[in-house]
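Values in this text are rule-based calculations from the coordinates and carry no lab data. Remember, it's a predicted structure, so these values are computed and weren't measured experimentally. All Cβ positions, even for glycine, are placed from backbone atoms using ideal geometry, and neighbour counts span all protein chains on display.
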Amino acid sequence: MSGGPPAVAVVLAGEAGVRAGAVDAWLGDEAARQVVDEASAVVGRDVATWWRDPLALSCDTTAAHVEVVVSGVAGYRSLVARGLRPVVVAGHGVGEYAALVATGALPLDQAVELVHWRAELLSLSPRPSCAGMAAVVGPGAAEVARAVVVDVGATGTLAVASVDGPAQVVLAGGCDELARAREAVLAAGLDMVRLPGRTACHSPLVATTARHLAAALADLEWSEPDVPVVPNADGRPTRDPQQLAQCLRAHLTSTVQWEATSRALVEAGATAVVEVAAVPVLGPLVRQVHPDLPVHLAAGPGTPIPTEHATAVPVPTGGES
């Protein structure tokens, strides 16, 4: 019998992890409460109260994005205060901001302000009634999605926004392009599911937003993180602040390389994964790549820290977008 706990990777969900009242479960923990109180001071309102309203989170991109980032950081800090020592950390989409703050690469106040500004800028992008995102689901999703982009994208704006796993790839584009893409995907024997209310992030359609965001990104104060972070843009763990900053500058218009990230977690030595979220979002995607890897859901401070003989919390199929 080997000694010691497993090497743990921590993953932090993006917009798909938003849930009304999700941060409430962490508020009784001192480390997590400090994060929430600091976020409230930055935003100028009691964020926990703000995020208890499902309508606010479904209709207000700013509320949703700040909620999932702060909740991720709060949960991470709580688990670390209880003794969890991750070997690598990653966040999906806007969850990358949570990963950078949680590991000490960015200050919380700067990240909250930036995520707030980023969400407001996204309102300048094509509205969901004109453009959005859709998930290609099924075996060989990446090959089908890329072929569809070459075909449909030749006459419009369509891009691979996120390679989530072997059986899920997200496309971003105009509504007409997404409609034509769906016909091609169904003809290839796979399914394509529109993600309602989503801005067409991680594609050329948000290039204007990215340009407006550049000045704020340039003003960030970077530090070397406590543990390696896997950026979405390249899927490679690093503690180099310059590399992390470069990837964050490219983040909004680059494809989210989550399948590569799932591989990188194990290559970095992880033998178990903890997902900080109210519901399973990233765990099922990691399991697409590593079916036997133990995955634990941390939805509150009572979550058992993984030990050598802990069993994984069962997770349904599905995933981040």
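The length gained by stretching the chain between Arg127 and Val193 to full extension, at 0.36 nm per residue less their Cα-Cα distance, is 22.0 nm. Remark on Val8: its backbone amide H falls under 5 Å from those of Val87, Thr271, a criterion applied only to residues 5 or more positions apart or on other chains, H modelled at 1.01 Å from N.
Counting only Cβ charges, +1 for Lys and Arg and -1 for Asp and Glu, the dipole size of the range 41-174 around its Cα centre is about 280 debye. Rounded to the nearest 20 debye, the dipole magnitude of the chain is 360 debye, with +1 charges on Lys and Arg beta carbons, -1 on Asp and Glu beta carbons, and the Cα centre as origin. Full extension of the segment from Asp219 to Asp53, taken as 0.36 nm per residue of separation minus the current Cα-Cα distance, would add 56.5 nm. For the range 208-223, putting each phi into the Karplus relation 6.51 cos²θ - 1.76 cosθ + 1.60 with θ = phi - 60° gives couplings of 5, 4, 4, 5, 5, 7, 4, 5, 5, 5, 5, 8, 5, 9, 8, 9 Hz, in residue order, rounded to whole numbers and with x for Gly and Pro. Across the range 15-23, coupling constants 3J(HN,Hα) worked out from phi with the 6.51/-1.76/1.60 Karplus curve, θ = phi - 60°, read 4, 5, x, 5, 9, 4, x, 4, 6 Hz, and Gly and Pro carry x. When the chain is treated as a GNM with alpha-carbon contacts under 10 Å, the residue of Val170, Val273, Val150 showing the greatest mean-square fluctuation is Val150. Fully extending the segment from Thr271 to Leu186, taken as 0.36 nm per residue of separation minus the present Cα-Cα distance, adds 26.9 nm. Exposed loop sites, defined as GluC sites (Glu not before Pro) outside DSSP H, G, I, E and B with at most 14 other Cβ atoms within 10 Å, are absent from the longest region of the chain, namely 1-220. Whole-Hz Karplus values for the range 28-36 come out as x, 9, 4, 4, 5, 4, 4, 5, 5 Hz, taken residue by residue from phi with 6.51 cos²θ - 1.76 cosθ + 1.60 and θ = phi - 60°; glycine and proline positions read x.
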